[in-house]
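The values are calculated or read from the model by the stated rules, or taken from the named source; none is laboratory data. Owing to the predicted nature of the structure, the values given are computational and were not obtained by experimental measurement. Glycine also receives a Cβ, built like all others from the backbone with ideal geometry; neighbour counts cover every protein chain displayed.
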Amino acid sequence: MTTTSTDDVFSAVCASPVGPLTILATDHGVRAVLWPDDDPARVTVPEAPDRPDHPVLSAAVVQLGEYFAGSRREFDVPLDPVGTDFQRAAWTALRTIPFGETVSYGEQAERMGDRRKARAVGAANGRNPISIIVPCHRVVGSNGSLTGFAGGVDTKAWLLRHESELAGTTLPF
């Protein structure tokens, strides 16, 4: 079952070291974090008037700023993603991957109860609308290689290096 919403969606832009991020939110939580050249097939973007003063958006901008400054490792801003039950389960599982660490798609699938669903997990992660806050960048190929990422593989590498340096962990690539 796919969750849908008719809630009003608002936007704000957050400057970051990896480029400007457009954040979409409803009164319930963050709906999406979009990259400058985001694939429109990944996230359906409704008309979203600019509302940087919206409480969810202002909290998201502050928390992303703290993440990039190195003072935040987990996000607690409310979320309101739209997706199928399986996608939402995969996105929930992403939030359990510790800051500075990586897992493979197979490991994520195993954490969700069935290692054989690694490809389905990869597809769900590819549709993750809330990049960084829901850390799909922490999932790598079974051999430790960097695989697709909505913000680009170079950005994925930057995010992983940023976290690894702060956490004192070793990267698989």
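Structure notes:
- Selection status of Gly106, surrounded by fewer than 22 Cβ atoms within 10 Å (Cβ to Cβ), in contact with a Lys or Arg (Cβ under 9 Å, 6 or more places away or on another chain) and at positive phi: no
- Cβ-Cβ distances below 6 Å connect the following pairs, each with a first residue in region 150-173 that is surrounded by fewer than 18 Cβ atoms within 10 Å (Cβ to Cβ), a second residue that is among the small types (Gly, Ala, Ser), and a separation of six or more residues or different chains: Ser164/Gly100; Leu166/Gly70; Ala167/Gly100; Thr169/Gly100; Leu171/Ser164; Pro172/Gly144; Phe173/Gly144.
- Some residue of region 76-87 being at negative phi, touching an Asp or Glu at 6+ places or on another chain (Cβ under 9 Å) and not assigned by the TED database to the domain that holds Leu159: yes
- Test: residue in region 106-122 that is in contact (Cβ under 8 Å) with a residue 60 or more places away in the chain and of a type outside the set (Phe, Trp, Tyr): no
- Residues located in region 55-92, provided they are free of Cβ contacts under 8 Å to residues at least 12 places away in the same chain and either crowded, with 18+ Cβ neighbours inside 10 Å or within 24 Å of Gln108 (Cβ to Cβ) (or both): Arg72, Thr92
- So Ser131, is it buried (at least 20 other Cβ atoms within 10 Å of the Cβ), small (Gly, Ala, Ser) and either free of Cβ contacts under 8 Å to residues at least 24 places away in the same chain or touching a strand residue (DSSP E or B) at 6+ places or on another chain (Cβ under 6 Å) (or both): yes
- Of the criteria (1) in a loop (DSSP other than H, G, I, E, B); (2) in contact with a Leu (Cβ under 8 Å, 6 or more places away or on another chain); (3) closer than 12 Å to Asp80 by Cβ, which one Val43 fails: (3)
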